[in-house]
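Trainee: Have a look at the structure that comes next, please.
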Amino acid sequence: MKFIKILLLLIAFALNLQSNSHGLKMSRLNLSPTPNTYELSLQFDVVDLLQAVHAECPEFRSEKTESWNEFLSAYIYDHIDMAINEKPLNYQVTLNSIDSHFIHFTGKTNAFEGAVESISITNDCLISLLHDYSNVVSLSDGEDVRSFRLSKQRPQTKINL
Amino acid sequence: MKRILSISCIFLTTIPLWSQGIIKGTVSNEETQEYLEGVTILNHRSQQHTHTEAKGHFKLPGTSFGDTLSFYSLGFKNQQIVVDADFLTISMSEVMLELDQIIITPNLKTLNTLSAINVELNPVGSSQDILQTVPGLFIGQHAGGGKAEQIFLRGFDIDHGTDIQISADGMPVNMVSHAHGQGYSDLHFLIPETIKNIDFGKGPYYSSSGNFTTAGYVDFQSYDQLYESTIKLDVGSFNTRRAVGMIDLIEGTPKTDAYLATEYLLSDGPFESPQNLDRLNVFGKYITEIQNNTLTLQASTFSSQWNASGQIPMRAVQSGFLSRFGAIDDTEGGTTSRTNLKLDVRSLLNENAFTQSSFYISKYDFELFSNFTFFLNDPENGDQIRQKESRSIMGFNTSYNRYISLGNSKLQLEGGLSLRNDQVRGNELSNTLNRTTTLEQLSLTDINESNVGLYADAKMEHGPWLLDLGVRADHFQFEMINYLTENKSSKATNKSIISPKINVVYCPSTSWQLYAKAGKGFHSNDSRVILNQENSKILPAAFGYDLGGVIQAWDRLYFNAAFWSLYMEQEFVYVGDEGIVETSGRTLRQGVDLGVNYQMLSWLFADLNMNYASPRALDQPEHANHLPLAPTFTSIGGVSAKHTSGFSGSVRYRQIADRPANEDNSIIAKGYFLTSASVRYDQKHWGIGLSADNLFNQKWNETQFATDSRLADETNSTEEIHFTPGTPLFIKLNMQVHF
């Protein structure tokens, strides 16, 4: 009988292991080309981003949800820089949605002229605050998606097109 | 090592319950008092036979006072006694190996007996060579000594383990959905000197073996106890240094013992860019008996780091740009580690039934840098890739065994359950530069994969016949989180498969047997393939059969032969350009295995093993239906000596024939024929040995791939053979002390 109990316990333990958690801590920035601009899509884990913004801006905690966009966007502008063909490129983002896990932003870059030969991206969001954090930058081009993983050791990448 | 041979006759139909005429007893080693497992006991009058089980106990039905019984075990002097009591206590004394001690019985594993002789005569000295003790199995190392070896068996290029189930003391070695490829099996956490027995079976015919058992299975079983401590030192070519310590921690009793084994290996290999292989192994085992339960706790840990010169293009060598031992990208290499904890409980429920259960957990890390195509995809930075993962494995196996008497027949029933869960964190493929800079993230996933397996097996022995019927059911659950998709998207699926087996053995005398085996097996696909490609089979099945026999043609001469066939619903194929294994269509392999073992003199032995295979893809046109790198002919053999004076030695060869490296056979992977020799002198408390591999210093390619690559100064790519050069003459001096 004891054997059966142990067996059932192990089966329950094994079944319990089937629910996976998000093991890696990372944000995601997606760039999709349109004529003369890039559309931007950003995604962070909610808790991680709020924690990071509060660490840099203590008054953030007392703010109402309606004013989050201002604080969170400012944090993103401080930590993400872009350049096309080695020339700095400004962009705008807006808080789009918040669900139980993720916070989403959408936006677009300013218009640029000429063919894009390279895109440089610096993204050090959260990596100074959270151990082993990384930021994935994905560049969509039709069906092809190229992804780059930025970290504390390598916060910047240059993508040659 | 004598016990290795005594295991060879394992066939656990040993505790039948007869109502009358049963003789019981125990058999032990006269010198060490250790109980002997697998001793064959034959009643000359009734022709009934049995074998001792793990604790040396036996029961022989149909036996009366005055009957003559013979006791046989390889490495021990045969004994004949006349039954004069209903409980016999037998002590057997060790003698030199005699092939005529082999008794052929209705048993599925007679080939294991013959293979164990070769292991006894030619002890394995490195973890790479452990697998090659399986007849017909070849390996190839192509990444600096730290990566798992590439495996070839029965017309399969198994890559690193896609089609062979490998385990150590029942704990799985194959890694599902591994960063480097499905079924990746790194055996370097084993210390060869701790291996007591190698249990193997070719084909998908064994109910207790599940995932990956298509070409076959191999289980390495470690010693439960040491009877002396040993310190061993190896010094070899190419700055090879190896130290092994095996320490008997407590004064062993039949009930409790413990030992600790360590191995430390350093080697630069023959490459211009030293491989700096650095590996540390620690293994410990504790065994105790509590009433009718035997508890075994074992723990092991290993770590390894190395550099590699990779696979180099033939054109670079032929043009003089590189030497055979040079490198295009010498920043290849990696690190890996594995830590295991395992608890086994064997419980004797009554005279006719026992259970055996084990629980294990493993922590595993792996990071590998490779460059297969050099500058094909990225002319500026090169094509180096990183494959990385961190994994936890938890598993549980249990089986229930019962022996039943049915008149003159014996029935062994076995049922089992296994659970396994793999949690892989950060399974990564990325483009890197000089190992230090991640250029592009190609894949990044978490994987959670579970397997529940159930099996039932019944072996009925009646006169000269053995009928073995089995079935197993496996259920898999696959989950994956893809970090490179929106919202870290998660996918999941599950699948089950039923695998029936049937084996028949006809053994009319103790000198020959015929057998027929048939069964269905399977290998699971990689979670990333299953969940990303809708047309991929999740659990492609394999259907096979073997027809064969073993015959003792003369007192000390044995032949074995088998014709076999294996059909697979879906194949894994190595893609050289990507350095990955991907799935393809249906395949059919057919072949013949032949073996000879002969003892020429009391101290001189010869053996020969040849394997022919015809591997074909069924969904390809006839001119392009070859399976790249699949071996078509392999052979091993040699002459070995073991003299009572303490001298021993061998001269052996290993051959693999030329084989297709691509589908239309337009590129050939060149074969090799290598010779090795060794000589040893052993006394009770010390020993010394000298060995030479590749005795004639031949140029040979250990692994080869047809790959499309581009060098830095080339404008166009070239598809041709890329190879890892085999080790030239390698001399090793070995010293050991026992205390």
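The values are calculated or read from the model by the stated rules, or taken from the named source; none is laboratory data. All values reported here derive from a predicted model rather than from experimental measurement. We place every Cβ from the backbone using ideal geometry, glycine too, and count neighbours over all the protein chains shown. Keep in mind that these areas ignore ligands, DNA and RNA; they rest on the heavy atoms of the full protein, side chains included. Shrake-Rupley method; radii C 1.70, N 1.55, O 1.52, S 1.80 Å.
Trainee: Scanning region B:225-249 for residues that are of a type in the set (Asp, Glu) and buried (at least 16 other Cβ atoms within 10 Å of the Cβ), which turns out modelled with the lowest pLDDT? Lay out the reasoning, then the answer.
Mentor: Going residue by residue through region B:225-249, those that are of a type in the set (Asp, Glu) are B:228, B:234, B:248.
Narrowing the set further to residues that are buried (at least 16 other Cβ atoms within 10 Å of the Cβ) leaves B:234, B:248.
Details: B:ASP234: 96, B:ASP248: 92.
Selected residue: B:ASP248.
Trainee: Just one of the numbered conditions (1) under 30 Å from B:THR50 (Cβ atoms); (2) in contact with a Lys or Arg (Cβ under 8 Å, 6 or more places away or on another chain); (3) surrounded by fewer than 17 Cβ atoms within 10 Å (Cβ to Cβ) is not true of B:GLY407; which one?
Mentor: So B:GLY407 meets the others, but not (2).
Trainee: A further question follows. Checking the structure you have, find out if any residue of region B:664-671 is open to solvent by less than 50 Å² (accessible area, probe 1.4 Å), in contact (Cβ under 8 Å) with a residue 24 or more places away in the chain, among the polar types (S, T, N, Q) and out of contact with any Cys (no Cβ under 8 Å at 6 or more places or on another chain).
Mentor: Checked against the condition, which is being open to solvent by less than 50 Å² (accessible area, probe 1.4 Å), in contact (Cβ under 8 Å) with a residue 24 or more places away in the chain, among the polar types (S, T, N, Q) and out of contact with any Cys (no Cβ under 8 Å at 6 or more places or on another chain), region B:664-671 yields no hits at all.
Trainee: Residue by residue through region B:452-465, note down the ones that are crowded, with 21+ Cβ neighbours inside 10 Å and under 26 Å from the mean Cα position of the chain (by Cα). Show your work before the answer.
Mentor: Here is the first cut: in region B:452-465, the ones crowded, with 21+ Cβ neighbours inside 10 Å are B:453, B:455, B:457, B:459, B:461.
B:GLY453, B:TYR455, B:ASP457, B:LYS459 - these are the residues of region B:452-465 that are crowded, with 21+ Cβ neighbours inside 10 Å and under 26 Å from the mean Cα position of the chain (by Cα).
Trainee: Also, quick follow-up: Which of the residues that make up region B:150-173 are on the phi < 0 side of the Ramachandran plot, part of a loop (DSSP other than H, G, I, E, B) and not aliphatic (A, V, I, L, M)? Spell out how you get there, then give the answer.
Mentor: Taking region B:150-173 as the starting set, the residues that turn out to be on the phi < 0 side of the Ramachandran plot are B:150-153, B:156-158, B:160, B:162-168, B:171-173.
Right, trim to part of a loop (DSSP other than H, G, I, E, B) and you get B:158, B:160, B:162-163, B:173.
Answer for region B:150-173, where residues must be on the phi < 0 side of the Ramachandran plot, part of a loop (DSSP other than H, G, I, E, B) and not aliphatic (A, V, I, L, M): B:HIS160, B:THR162, B:ASP163.
Trainee: Then there is this: At least 3 residues that are in the same structural domain as B:PHE723 (by TED's automatic domain parsing) and in contact with a Pro (Cβ under 9 Å, 6 or more places away or on another chain) in each: list the strands (runs of 3 or more DSSP E) lying fully within region B:593-661 that qualify. Spell out the reasoning first.
Mentor: Numbers: elements: B:604-617, B:633-642, B:647-656.
Because the criterion is at least 3 residues that are in the same structural domain as B:PHE723 (by TED's automatic domain parsing) and in contact with a Pro (Cβ under 9 Å, 6 or more places away or on another chain), the strands (runs of 3 or more DSSP E) in region B:593-661 that meet it are B:604-617.
Trainee: In this structure, is B:ARG435 on the phi > 0 side of the Ramachandran plot and either surrounded by fewer than 21 Cβ atoms within 10 Å (Cβ to Cβ) or within 14 Å of chain A (Cβ to nearest Cβ) (or both)?
Mentor: Considered against the rule, which asks whether it is on the phi > 0 side of the Ramachandran plot and either surrounded by fewer than 21 Cβ atoms within 10 Å (Cβ to Cβ) or within 14 Å of chain A (Cβ to nearest Cβ) (or both), B:ARG435 comes out as yes.
Trainee: Take region B:683-699 and flag every residue that is surrounded by fewer than 17 Cβ atoms within 10 Å (Cβ to Cβ) and either in contact with a helix residue (DSSP H, G or I) (Cβ under 9 Å, 6 or more places away or on another chain) or of a type outside the set (Lys, Arg) (or both).
Mentor: Let us first name the residues in region B:683-699 that are surrounded by fewer than 17 Cβ atoms within 10 Å (Cβ to Cβ), namely B:683-686, B:688, B:690, B:696-699.
Hits for region B:683-699 are B:GLN683, B:HIS685, B:TRP686, B:ILE688, B:LEU690, B:PHE696, B:ASN697, B:GLN698.
Trainee: Here is a list of conditions, (1) outside any loop (DSSP other than H, G, I, E, B); (2) hydrophobic (A, V, I, L, M, F, W, C); (3) open to solvent by 20 Å² or more (accessible area, probe 1.4 Å), and B:PHE325 meets all of them except one; can you say which number that is?
Mentor: (1)
Trainee: Can you tell me which residues in region B:403-432 are among the hydrophobic types (A, V, I, L, M, F, W, C) and away from chain A (no Cβ under 14 Å)? Let's see the steps before the verdict.
Mentor: As a first pass, look at region B:403-432 and keep what is among the hydrophobic types (A, V, I, L, M, F, W, C): B:404, B:406, B:411, B:413, B:417, B:419, B:424, B:429.
Residues satisfying the conditions are B:ILE404, B:LEU406, B:LEU411, B:LEU413.
Trainee: How many residues does region B:673-694 hold that are among the basic types (Lys, Arg) and assigned to a strand (DSSP E or B)?
Mentor: Summing the residues that are among the basic types (Lys, Arg) and assigned to a strand (DSSP E or B) in region B:673-694 gives 1.
Trainee: Quick check on region B:383-399: of everything there that is touching a residue at least 60 places away in the same chain (Cβ under 8 Å) and open to solvent by less than 10 Å² (accessible area, probe 1.4 Å), which residue is nearest to B:VAL424 (Cα to Cα)?
Mentor: The first filter runs over region B:383-399 and keeps only residues touching a residue at least 60 places away in the same chain (Cβ under 8 Å), leaving B:385, B:387-389, B:391, B:393, B:395, B:397, B:399.
If we keep only those that are open to solvent by less than 10 Å² (accessible area, probe 1.4 Å) as well, we get B:387, B:389, B:391, B:393, B:395.
Values: B:GLN387: 13, B:GLU389: 7, B:ARG391: 4, B:ILE393: 9, B:GLY395: 15 Å.
Once the filter is applied, the top-ranked residue is B:ARG391.
Trainee: Which residues, taken from region B:174-199, are open to solvent by less than 10 Å² (accessible area, probe 1.4 Å), more than 30 Å from B:ARG386 (Cβ to Cβ) and in a strand (DSSP E or B)?
Mentor: none
Yes/no matrix, rows are residues, columns are (1) of a type in the set (S, T, N, Q); (2) in a loop (DSSP other than H, G, I, E, B); (3) in the same structural domain as B:ASN401 (by TED's automatic domain parsing); (4) out of contact with any Asp or Glu (no Cβ under 8 Å at 6 or more places or on another chain):
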{"site": "B:SER209", "(1), (2), (3), (4)": "yes, yes, yes, yes"}
{"site": "B:ASP234", "(1), (2), (3), (4)": "no, no, yes, yes"}
{"site": "B:ARG241", "(1), (2), (3), (4)": "no, no, yes, no"}
{"site": "B:ILE247", "(1), (2), (3), (4)": "no, no, yes, yes"}
{"site": "B:THR262", "(1), (2), (3), (4)": "yes, no, yes, yes"}
{"site": "B:LEU266", "(1), (2), (3), (4)": "no, no, yes, no"}
{"site": "B:GLN275", "(1), (2), (3), (4)": "yes, yes, yes, no"}
{"site": "B:SER300", "(1), (2), (3), (4)": "yes, no, yes, yes"}
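Trainee: Right, A:ILE80: hydrophobic (A, V, I, L, M, F, W, C), closer than 30 Å to B:ILE385 by Cα, open to solvent by less than 20 Å² (accessible area, probe 1.4 Å) and away from chain B (no Cβ under 14 Å) or not? Steps first, please.
Mentor: Numbers: hydrophobic (A, V, I, L, M, F, W, C): yes; closer than 30 Å to B:ILE385 by Cα: yes; open to solvent by less than 20 Å² (accessible area, probe 1.4 Å): yes; away from chain B (no Cβ under 14 Å): yes.
Yes: the conditions hold for A:ILE80.
Trainee: Another question about this same structure. If a residue must be open to solvent by 30 Å² or more (accessible area, probe 1.4 Å), modelled with pLDDT of 85 or more and touching a helix residue (DSSP H, G or I) at 6+ places or on another chain (Cβ under 9 Å), how many such residues does region A:25-40 contain? Steps first, answer last, please.
Mentor: Taking region A:25-40 first, the residues open to solvent by 30 Å² or more (accessible area, probe 1.4 Å) are A:25, A:32-36, A:39.
Subset that is modelled with pLDDT of 85 or more: A:32-36, A:39.
Now restrict to residues that are touching a helix residue (DSSP H, G or I) at 6+ places or on another chain (Cβ under 9 Å): none.
Selection size over region A:25-40: 0.
Trainee: Residue by residue through region B:340-366, note down the ones that are at pLDDT 95 or above, open to solvent by 20 Å² or more (accessible area, probe 1.4 Å) and more than 13 Å from chain A (Cβ to nearest Cβ).
Mentor: B:LEU341, B:ASP344, B:LYS363, B:ASP365 - these are the residues of region B:340-366 that are at pLDDT 95 or above, open to solvent by 20 Å² or more (accessible area, probe 1.4 Å) and more than 13 Å from chain A (Cβ to nearest Cβ).
Trainee: If you don't mind, there's one more thing I want to ask. Test B:GLU449 against the stated conditions and say whether it is in contact with a Pro (Cβ under 8 Å, 6 or more places away or on another chain) and open to solvent by less than 30 Å² (accessible area, probe 1.4 Å). Step through it out loud before you land on a result.
Mentor: Working: in contact with a Pro (Cβ under 8 Å, 6 or more places away or on another chain): no; open to solvent by less than 30 Å² (accessible area, probe 1.4 Å): yes.
In short, no.
Trainee: Collect the residues in region B:380-439 that are of a type outside the set (S, T, N, Q) and closer than 19 Å to B:GLY310 by Cβ, keeping them in residue-number order.
Mentor: The first filter runs over region B:380-439 and keeps only residues of a type outside the set (S, T, N, Q), leaving B:380, B:382-383, B:385-386, B:388-389, B:391, B:393-396, B:400, B:402-404, B:406-407, B:410-411, B:413-417, B:419-420, B:422, B:424-426, B:428-429, B:433, B:435, B:439.
The answer is B:GLY382, B:ASP383, B:ILE385, B:ARG386, B:LYS388, B:LEU429, B:LEU433, B:ARG435, B:LEU439.
Trainee: Ok, one more. If I go through region B:139-149 residue by residue, how many of them are in contact (Cβ under 8 Å) with a residue 60 or more places away in the chain and either crowded, with 24+ Cβ neighbours inside 10 Å or part of a loop (DSSP other than H, G, I, E, B) (or both)? Break it down into steps so the answer makes sense when it comes.
Mentor: Filtering region B:139-149 for residues in contact (Cβ under 8 Å) with a residue 60 or more places away in the chain gives B:140-147.
Checking the rest, the ones that are also either crowded, with 24+ Cβ neighbours inside 10 Å or part of a loop (DSSP other than H, G, I, E, B) (or both) come to B:141-147.
Selection size over region B:139-149: 7.
Trainee: Let me ask something additional. Suppose the filter is among the hydroxyl-bearing types (Ser, Thr, Tyr) and surrounded by fewer than 16 Cβ atoms within 10 Å (Cβ to Cβ); does B:TYR264 pass it? Don't jump to the end; show me each part of the working.
Mentor: On the way: among the hydroxyl-bearing types (Ser, Thr, Tyr): yes; surrounded by fewer than 16 Cβ atoms within 10 Å (Cβ to Cβ): yes.
The answer is yes for B:TYR264.
Trainee: Which members of region B:109-139 meet the condition of being among the hydrophobic types (A, V, I, L, M, F, W, C) and at pLDDT 80 or above? Even if it seems obvious, please write down each step before you answer.
Mentor: Step one: filter region B:109-139 for residues among the hydrophobic types (A, V, I, L, M, F, W, C), giving B:111, B:114, B:116-117, B:119, B:121, B:124, B:130-131, B:134, B:137-139.
Result: B:LEU111, B:LEU114, B:ALA116, B:ILE117, B:VAL119, B:LEU121, B:ILE130, B:LEU131, B:VAL134, B:LEU137, B:PHE138, B:ILE139.
Trainee: Moving on to the next point. All but one of (1) surrounded by fewer than 19 Cβ atoms within 10 Å (Cβ to Cβ); (2) touching a residue at least 24 places away in the same chain (Cβ under 8 Å); (3) farther than 24 Å from B:PRO270 by Cα hold for B:ARG680; which doesn't?
Mentor: Failing condition for B:ARG680: (1).
Trainee: Let me spell it out: the conditions are (1) touching a Ser or Thr at 6+ places or on another chain (Cβ under 7 Å); (2) part of a helix (DSSP H, G or I); (3) surrounded by fewer than 22 Cβ atoms within 10 Å (Cβ to Cβ), and B:GLN132 meets all of them except one. Which number is the exception?
Mentor: Failing condition for B:GLN132: (1).
Trainee: So which of B:LEU111, B:LEU74 ends up being hydrophobic (A, V, I, L, M, F, W, C), crowded, with 19+ Cβ neighbours inside 10 Å and in a helix (DSSP H, G or I)? Write out each step before concluding.
Mentor: Details: B:LEU74 fails: in a helix (DSSP H, G or I).
Only one candidate passes the filter, namely B:LEU111.
Trainee: Additional query: Could you check region A:102-161 for strands (runs of 3 or more DSSP E) lying wholly inside it with 1 or more residues that are within 9 Å of chain B (Cβ to nearest Cβ) and surrounded by 15 or more Cβ atoms within 10 Å (Cβ to Cβ)? Working first, answer last.
Mentor: Details: elements: A:102-109, A:118-123, A:134-141, A:144-150, A:156-160.
Fully inside region A:102-161 and qualifying: A:102-109, A:134-141, A:144-150, A:156-160.
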